[in-house]
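A.B. asks: The structure is given below, and queries will be raised subsequently.
The values are calculated or read from the model by the stated rules, or taken from the named source; none is laboratory data. This one's a predicted model, so the numbers in the text were calculated from it and none came from an experiment. Glycine gets a Cβ as well: all are built from the backbone with ideal geometry, and neighbour counts include every protein chain shown.
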Amino acid sequence: GLRVMVTGELDLSESDEDLMRRYLEGDEKAFEIVYGRRRAGLRRFFERQCGSNALGQELAQEVWFKFIRACQNKQYTAEAKFTTYLYRMAKNQLIDWYRKVGNVKTVDYITPVVDDPYACGAVAAANSLSDIYAMGARPILALNVVGFPAGKLPLRVLSAILQGGADKVKEAGASIVGGHSIDDPEPKYGLVVTGLVHPKKVLTNASAQVGDDLVLTKPLGLGIITTAIKRERASPEATDQAIRVMTLLNKTAAEVMVEVGVNACTDITGFGLLGHLHEMTSGSGVGARISLSAVPVLPEAWTLVKEGICPGGTKRNLEALAGKVTWAPEITDESQLILCDAQTSGGLLISVPKAKSAQLVDRLQAAKTLAAARIGEIVAGTGQIEVIP
């Protein structure tokens with residue numbers, strides 16, 4: 001690689017240009033010092049631009065190899081300004097990478113699911129970004145989509161919603177570059193998001209393979225708890241926990257899944273776990289078996305659903321799956337509702353080859369995702385889902 005021999009004594013205060021002049025004269029130790037000074041900054045540059053530590057390191061290393069070749073071929077001379085030359089090479093490397101990637105787009109917006117305007121904006125933004133992560137892509141820019149009852153609510157409410165969204169987009173490493181708003185009787189907020197991904201590495205929800213394990217990265221129950229919040233039936237602890245789950249980006253889980261290598265992915269939102277899983281199984285031409293006991297669920301959701309608190313969307317999800325899901329006799333009505341619960345900014349459902357399943361779970365746990373649960377497997381079939389205790 002880039003290891004070089006140690007030769008003469010060097011003054012570590014020498015400029016990069018002076019050191020490179022000595023390197024071109026044959027003192028390889030001089031390049032080792034320059035490399036030590038600049039390699040971390042160059043790596044961070046690519047990591048920020050590409051949204052991937054592994055890819056950032058790979059691109060940075062390639063630039064160093066190209067730079068050494070430029071020195072050997074006398075394309076870089078002692079008269080050149082080192083920093084300018086190196087970062088021009090880095091920019092060209094980045095342009096070459098961008099030319100090889102494709103872009104994906106998505107749009108999503110929601111009505112408020114919590115009372116706090118800032119949290120509402122953050123939840124909506126995380127929810128909108130989730131589609132990008134499910135495709136294995138990195139978000140780069142977004143547009144605000146806003147509906148707001150002008151004259152009925154103070155503008156500070158809108159400002160807080162937008163700030164919550166902006167902070168979440170910034171956390172994702174993307175930028176809000178514009179948007180559009182309308183006068184609307186009920187507040188609505190979301191994003192149009194553009195992301196980058198190599199065309200051959202786009203993940204879909206239609207490529208699961210028989211034998212894959214199914215891994216879920218967030219607990220269920222969000223729809224039930226947010227309905228309880230609206231009815232003032234949720235405890236403060238459950239409310240805080242739901243907000244924490246909904247505002248957590250799927251960024252880390254997506255990065256881990258891309259690095260491990262998986263077959264398919266979908267994010268769990270309005271259709272609930274089984275609704276989105278059915279999209280995956282029917283699109284992939286396979287079946288699935290889910291173990292209820294393995295599925296992570298927010299604790300208070302069980303209590304609330306037993307008290308009859310359940311959103312209308314969850315009930316419609318269950319109705320829509322009639323004839324598509326086979327329920328074991330032990331699966332209660334409440335359990336069926338939990339598995340069909342309409343989520344906002346839910347986790348990723350990942351279909352991973354069994355040989356990589358343990359690695360994926362271990363990596364997710366190390367990254368401290370809210371869940372890293374193997375909840376079932378892909379089996380032969382034509383879309384049917386079996387749920388067992």
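A.B. asks: Let me confirm something: among Ser284, Ser335, which residue is in contact (Cβ under 8 Å) with a residue 60 or more places away in the chain and either under 14 Å from Asp212 (Cα atoms) or in contact with a Leu (Cβ under 8 Å, 6 or more places away or on another chain) (or both)?
C.D. replies: Being in contact (Cβ under 8 Å) with a residue 60 or more places away in the chain and either under 14 Å from Asp212 (Cα atoms) or in contact with a Leu (Cβ under 8 Å, 6 or more places away or on another chain) (or both) holds for just one of Ser284, Ser335, which is Ser284.
The rows are residues; the columns are (1) among the acidic types (Asp, Glu); (2) under 28 Å from Met257 (Cα atoms); (3) modelled with pLDDT of 85 or more.
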site: Ala54; (1), (2), (3): no, yes, no
site: Arg69; (1), (2), (3): no, no, yes
site: Lys74; (1), (2), (3): no, no, no
site: Thr77; (1), (2), (3): no, no, no
site: Ala80; (1), (2), (3): no, no, no
site: Arg88; (1), (2), (3): no, no, yes
site: Ile95; (1), (2), (3): no, yes, no
site: Arg99; (1), (2), (3): no, yes, no
site: Val104; (1), (2), (3): no, yes, yes
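A.B. asks: Hey, among the residues in the stretch 183-231 that are assigned to a strand (DSSP E or B) and of a type in the set (Asp, Glu), which one's farthest from the chain's Cα centre (by Cα)?
C.D. replies: Among those that are assigned to a strand (DSSP E or B) and of a type in the set (Asp, Glu), it is Asp183.
A.B. asks: Which of the residues spanning the stretch 66-97 are loosely packed, with under 12 Cβ neighbours inside 10 Å and in a helix (DSSP H, G or I)?
C.D. replies: Of everything in the stretch 66-97, those that are loosely packed, with under 12 Cβ neighbours inside 10 Å and in a helix (DSSP H, G or I) turn out to be Arg69, Gln72, Thr84, Ile95, Asp96.
A.B. asks: All but one of (1) within 25 Å of Ala371 (Cα to Cα); (2) without any contact (Cβ under 8 Å) to a residue 12 or more places away in the chain hold for Ile229; state the number of the condition that does not hold.
C.D. replies: Of everything listed in (1) within 25 Å of Ala371 (Cα to Cα); (2) without any contact (Cβ under 8 Å) to a residue 12 or more places away in the chain, Ile229 misses just condition (2).
A.B. asks: It is to be established whether one or more residues within the stretch 186-194 are among the aromatic types (Phe, Trp, Tyr) and closer than 30 Å to Glu255 by Cβ.
C.D. replies: yes
A.B. asks: Only one of (1) closer than 30 Å to Ile182 by Cβ; (2) more than 27 Å from the chain's Cα centre (by Cα); (3) hydroxyl-bearing (Ser, Thr, Tyr) fails for Thr84. Which number is that?
C.D. replies: So the condition that Thr84 fails would be (1).
A.B. asks: Now for a different question. Restricting the search to the stretch 98-147, which residues are part of a helix (DSSP H, G or I), in contact (Cβ under 8 Å) with a residue 24 or more places away in the chain and surrounded by fewer than 18 Cβ atoms within 10 Å (Cβ to Cβ)?
C.D. replies: Tyr98, Lys100
A.B. asks: What single numbered condition from (1) buried (at least 17 other Cβ atoms within 10 Å of the Cβ); (2) out of contact with any Gly (no Cβ under 6 Å at 6 or more places or on another chain); (3) of a type outside the set (S, T, N, Q) fails to hold for Ala301?
C.D. replies: Going through the list (1) buried (at least 17 other Cβ atoms within 10 Å of the Cβ); (2) out of contact with any Gly (no Cβ under 6 Å at 6 or more places or on another chain); (3) of a type outside the set (S, T, N, Q), Ala301 breaks only (2).
A.B. asks: Related question: Let me confirm something: among Ala78, Ala60, Ala70, which residue is more than 27 Å from Ile140 (Cβ to Cβ) and in contact with a Leu (Cβ under 7 Å, 6 or more places away or on another chain)?
C.D. replies: The match here is Ala78.
A.B. asks: Looking at the stretch 180-190, can you tell me whether even one residue there is surrounded by fewer than 20 Cβ atoms within 10 Å (Cβ to Cβ) and either of a type in the set (Lys, Arg) or under 27 Å from Leu339 (Cβ atoms) (or both)?
C.D. replies: Looking through the stretch 180-190, at least one residue is surrounded by fewer than 20 Cβ atoms within 10 Å (Cβ to Cβ) and either of a type in the set (Lys, Arg) or under 27 Å from Leu339 (Cβ atoms) (or both).
A.B. asks: Based on what the data block shows, is Ile290 within 18 Å of Pro219 (Cα to Cα), within 25 Å of the chain's Cα centre (by Cα), in a helix (DSSP H, G or I) and modelled with pLDDT of 95 or more?
C.D. replies: So Ile290 fails the test.
A.B. asks: State which residue pairs qualify: first residue at pLDDT 95 or above and crowded, with 17+ Cβ neighbours inside 10 Å and inside the stretch 364-389, second residue of a type in the set (Phe, Trp, Tyr) and not in a helix (DSSP H, G or I) in any location, beta carbons under 7 Å apart, and separation of 6 or more residues or different chains.
C.D. replies: Filtered contacts from the stretch 364-389: Val387/Trp327.
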